[in-house]
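Enquirer: The structure follows.
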Amino acid sequence: MKIAILGHSGSGKSTLARQLGEKYGLPVLHLDRIQFRPGWVETTREEKREKLTAFLDAHPGGWVIDGNYMKICAERRFAEADRILYLDFPRRICLFRVLRRWRMYRGVTRPDMGEGCEEKVDLEFLRWVLRDGRTPEKLAEFRGVERRYPAKFRHFVSPKQLEKELEL
């Protein structure tokens, strides 16, 4: 089984990826882990593409990948995926989860982040969670994936719906 997880910051993509990886015995790739080098230095698009391609090539039998990154092997990911799960939770839930995660991991690197990228919350990130990550253009990207892959696309609007449908 191959599962791609999309969604807004703070929606629980990485947590869901870990849960599904454990449940189905699948390798998990958190795209945030390949996004940054230590100290929050962004990797190049080519480096990200190489790492993601290597992961896909190494796991033809199944995987779970969480993260949006629509410019990095997105078509291959979605074409190969058996399921595409989109976590479209309200801003207040995502903000609460971001702040809870920050309290939990403040000053350390959480398991789904790149090495040396300590958990942080700043004004720019809060703006992303509440506004910039939900622009009409960003939302159109998700709808585009849904249009291209309707048979395997699932749109979840609440954590309860997700838990009920996936039996977590």
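The values are calculated or read from the model by the stated rules, or taken from the named source; none is laboratory data. Note that the structure is a prediction, hence the values are computed from the model and not measured. Here Cβ is always computed from backbone atoms with ideal geometry, including for glycine, and neighbour counts include all displayed protein chains. When the accessible area is computed, the model is the full protein with side chains, heavy atoms only, and any ligands, DNA or RNA have been set aside. Shrake-Rupley method; radii C 1.70, N 1.55, O 1.52, S 1.80 Å.
Enquirer: Quickly work out the Leu99-to-Lys71 label distance, labels modelled 7 Å from Cα along the C-beta direction, and quote it in nm with one decimal.
Expert: Label at Lys71, label at Leu99, 3.2 nm between them.
Enquirer: Here is a further query. How large is the charge dipole for the chain, taken about the Cα centre, if only the Cβ atoms of Lys, Arg (+1) and Asp, Glu (-1) carry charge, to the nearest 20 debye?
Expert: Details: 34 positive and 25 negative charges, 111 e Å.
The dipole of the chain has a size of about 540 debye.
Enquirer: Moving on. In region 79-101, which residues have a backbone nitrogen under 20 Å from the label point lying 7 Å from Tyr24's Cα in the Cα-to-Cβ direction?
Expert: 79-88
Enquirer: So if each residue of separation counts as 0.36 nm, and I subtract the Cα-Cα distance between Ser158 and Val121, what length gain in nm does that give? Please report the intermediate quantities before stating the final value.
Expert: Working: separation 37, 0.36 × 37 = 13.32 nm, distance 2.34 nm.
Using 0.36 nm per residue and subtracting the Cα-Cα distance, I get 11.0 nm.
Enquirer: Hey, if we sort Glu165, Glu119 by accessible area with the 1.4 Å probe, largest down, what's the order?
Expert: Values: Glu165 85, Glu119 15 Å².
Largest accessible area first, the list is Glu165, Glu119.
Enquirer: Could you sort Asp132, Asp82 by accessible area so the largest value comes first, with the probe set to 1.4 Å? It would help to have the intermediate numbers written out before the result.
Expert: On the way: Asp132 50, Asp82 90 Å².
Result, largest first: Asp82, Asp132.
Enquirer: Separate question: Given a cut-off of 30 Å, name the pairs among Lys23/Lys152; Lys71/Lys120; Lys120/Lys152 whose C-alpha atoms lie farther apart than that in the structure shown.
Expert: Lys120/Lys152
Enquirer: Any number yet on Rg/Rh for the chain, C-alpha, Kirkwood?
Expert: That ratio equals 0.93.
Enquirer: For a bin width of 5 Å, list the pair-distance distribution of region 53-142 built from all Cα-Cα distances, rounded to whole %.
Expert: Histogram of Cα-Cα distances, whole percents per bin: 2, 10, 18, 20, 19, 17, 11, 2, 0.
Enquirer: Here is a follow-up. Relative to the Cα centre, what is the charge dipole magnitude of region 64-106, using +1 at the beta carbon of each Lys and Arg, -1 at the beta carbon of each Asp and Glu, and rounding to the nearest 20 debye?
Expert: In debye, rounded to 20, region 64-106 gives about 500.
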